[in-house]
Structures are given as C-alpha cells and as structure tokens.
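To keep things clear, I will list the structure first and then write my remarks on it.
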Amino acid sequence: MNSSNPLIGRDIVSISDLSKEEIRAVLDQALHFEQQLQQNQHLTLLTGRILATVFYEPSTRTRLSFESAMHRLGGSVISVAEARTSSSAAKGESLYDSGKMLESYADVIVQRHPAVGSARALADAARVPVINAGDGTGEHPTQALLDLYTIEREKGTLEGLTVVMMGDLKNGRTVHSLARALAHWKAKLILCAPKALAMPGDLIAHLRHQGLVVIETENMNAALAQADIVYVTRIQQERFETVEEYMRYKGVYVVNEKAVRSAKAGMTVMHPLPRVDEISTDVDALPNAAYFRQARYGVFVRMALLAMVLGAV
Ligand code: NCD
C-alpha cells in the first residue's frame, strides 16, 4: 500500500469530490496499468476482493469495463444487470437498505440509477466505497475521468484547450461531470445545443465562477471552426416525456466527414457512446475519431479507481 494514494476508502459520487491532484493521481495510475497490460503482465492486486455492480439503467461499456477492470486486477465480480426489475428494488427496497446489505457482500459497489442523488444515498448507507456510474441526469464521474485520460492521450495535454460540447447538454450527465473537471485546466468551453437542451444555467454559472470561459451557441459549424476537441452527445431519448418531443431534436446536429474536414485542422472527435445518428459512420475511419479509443481507455481508468479506493496501490 502506498501512502501517497489519496483515494483509499473514498466514495466517487461527483467529479467535484476529487481535487486536481487526486484526478492527476488517477490518470497516472491508469497509464501505469495500461503499460503493464501492454506488456502482458498478470496483475493480482485485487485478488480476494469483490466488486458488486448494480445497474438500474441500461449500460454496456460502463458495466463491462468495470467488470473487466476488476477481473484484470485479479478480483471477483457479483452483478445485478437489470436491478430495476430483477433486484429487490422491484419489491420496494430502499437504497439505504440496499447499501446495508451490499456492504457485507462486496468490498466496493458500482451503481447506476435513474434518480439524481441516488449514488450519494447509497454511499451514505454503505460502509464500503461507492462509485457512481451515472445518477439520472446528474453526474457520471468515472466517464469524466476516462474522458480526461483520452484528451491527454490524444492532445498530449489538458491545458488550455477549446472544447466544444454538443447535443443534449441538459440531460446528458457525462458533459455535466466533464465540464466540472475541465475547470481545473482553464479550458474554453463552447456549448452547442438547441435552447431547450442547453446546459443548466446554475451549472454554467458555477463553471464561470471556477474560471472557465463558457460560450453558448446553436451553430455547429461556427463552434467546430474553433474546436481542439468536439465532444458529441446523444439526445437522451429516455429523459423525454413523449416520443414526439424527442423526435423534434433527434438529428439536430450530425457530425459527418465533411464537417470534420471543414473544422479546425486536427480536431479530435469524442463521444461517450452509445451513438445514435449524431456522428455519421464516415467519420470512423478518420484519424480524428477518438471514440473507440476512448471506450478502451475506460478499462485502465476504472482499474485505477478500483485499486485506489481499495487501497491496493
Ligand atoms: C453515457 C451515459 O450512460 O450517460 N454512456 C456511457 O456511460 N458511456 C452516455 C449516454 O448514455 O448517452
């Protein structure tokens, strides 16, 4: 165990729970694990430890990359993939009771849940570390960490970049967490969304207060002309009251090969995935397309988080 690990026993509920130095420590540890896996090293840091993944909302990448991360470190996983229907929540069990039970079954809990604040509620109940894998439209702090890792790998720095966030900035939790994180590196943020799907005003005020330059626009091409990075997000269908309302915004922005070629040279295209139609597949083969690398980096970052909160590094 290394006394310089600042995350031992900690919950990861909001990206704001982590200081700039703590984020740096996670990114450095993730790079170390990436290099070890590249050398085919067999890692056993978490042998005998158990991760519980409890997902009340759909997930492919987040759940599988956490589970893969745990296995790659020699640990074990227990899992409820459809907790909304197949766990005792369907019988009315509270998050508090769920936390009291899970803490004796697992050494660390990763939860995704549709309610904002649900991760905090579970963390308050459980004695073991709780990691928020998405609480409704609230936050997705581990996605923000892997997004930062991706930006640093693609650009060589986190400092002084112009980042365009595009799409459903109201309901998308990944952009809420990433924007908060970028405030540590004084980025310029250009928020490109239809007015009805704009990033919440109180969050924008908070970001400005933290020293971020924040510009709002509805014009995709004007935004891309300045972007070092465009972070594209899906219109979050499940957060709309009606299909008609969703259809009004579906397809509002589509980044295609032509848009990338007429953007600032070398612009990196990111997306937390899953994509629907907001990045056309003709972008995939361009060197600018970083979204599949981004998904791969998630494993290293989640290995770092698990090893750190469990005090194994
Ligand atoms: C995101 C999420 O769940 O918020 N997915 C993910 O974890 N990579 C983005 C989304 O669902 O649009």
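Figures for the structure shown
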read-out: Contacts under 7 angstrom Cβ, first residue in segment 72-86 being at pLDDT 95 or above, partner open to solvent by 60 Å² or more (accessible area, probe 1.4 Å), 6 or more apart; value: Leu73/Leu45; Gly74/Thr44; Gly74/Leu45; Gly74/Thr47; Gly75/Thr47; Gly75/Arg49; Val77/His71; Ile78/Tyr105
read-out: Unmet requirement for Arg127, which otherwise passes all of (1) more than 20 Å from Ala263 (Cα to Cα); (2) part of a helix (DSSP H, G or I); value: (2)
read-out: Where a residue in segment 107-130 is free of Cβ contacts under 8 Å to residues at least 60 places away in the same chain and its partner, wherever it lies, is among the charged types (D, E, K, R) and assigned to a helix (DSSP H, G or I), with Cβ under 6 Å and at least six apart; value: Ala125/Lys100
read-out: Cβ-Cβ under 8 Å pairs, at least 6 apart or on other chains, segment 270-283 side within 11 Å of Val255 (Cα to Cα) and at pLDDT 95 or above, far side in a strand (DSSP E or B) and small (Gly, Ala, Ser); value: Ile279/Ala289; Val283/Ala289
read-out: Residue satisfying all of: in segment 166-201; part of a strand (DSSP E or B) and away from the ligand (no atom under 15 Å from the Cβ); most open to solvent (accessible area, probe 1.4 Å) among these; value: Lys188
read-out: Residue satisfying all of: in segment 298-313; under 13 Å from the mean Cα position of the chain (by Cα) and open to solvent by less than 10 Å² (accessible area, probe 1.4 Å); farthest from the ligand (Cβ to nearest atom) among these; value: Leu305
read-out: One residue from Tyr253, Tyr246 being touching a Gly at 6+ places or on another chain (Cβ under 8 Å), open to solvent by 10 Å² or more (accessible area, probe 1.4 Å) and over 20 Å from Gln294 (Cα atoms); value: Tyr253
read-out: Any hit, segment 142-154, residues being open to solvent by less than 10 Å² (accessible area, probe 1.4 Å), more than 15 Å from the ligand (Cβ to nearest atom), out of contact with any helix residue (DSSP H, G or I) (no Cβ under 7 Å at 6 or more places or on another chain) and not in a loop (DSSP other than H, G, I, E, B); value: yes
read-out: Any pair with Cβ under 9 angstrom, 6 or more apart, that starts in segment 228-245 at a residue that is touching a residue at least 12 places away in the same chain (Cβ under 8 Å) and ends at one that is of a type in the set (Lys, Arg) and within 16 Å of the ligand (Cβ to nearest atom); value: Val232/Arg275; Arg234/Arg275; Ile235/Lys250; Gln236/Lys170; Gln236/Arg173; Gln237/Lys250; Arg239/Lys170
read-out: Yes/no for Val283 being among the aliphatic types (A, V, I, L, M), within 14 Å of the chain's Cα centre (by Cα) and either within 16 Å of the ligand (Cβ to nearest atom) or farther than 30 Å from Leu51 by Cα (or both); value: no
read-out: Meets criteria (free of Cβ contacts under 8 Å to residues at least 12 places away in the same chain and more than 11 Å from the ligand (Cβ to nearest atom)) for Thr162; value: no
read-out: Qualifying helices (runs of 4 or more DSSP H) (wholly inside segment 1-104; at least 1 residues being more than 20 Å from Ala115 (Cβ to Cβ), within 16 Å of the ligand (Cβ to nearest atom) and open to solvent by 50 Å² or more (accessible area, probe 1.4 Å)); value: 61-72
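The values are calculated or read from the model by the stated rules, or taken from the named source; none is laboratory data. Worth saying up front: this structure is predicted, and the values here are computed from it rather than measured. FYI the Cβ positions are ideal-geometry reconstructions off the backbone, even for glycines, and counts take in every protein chain you see. Remember, those area values only see protein heavy atoms, side chains included, never the ligands or the DNA or RNA. Shrake-Rupley method; radii C 1.70, N 1.55, O 1.52, S 1.80 Å.
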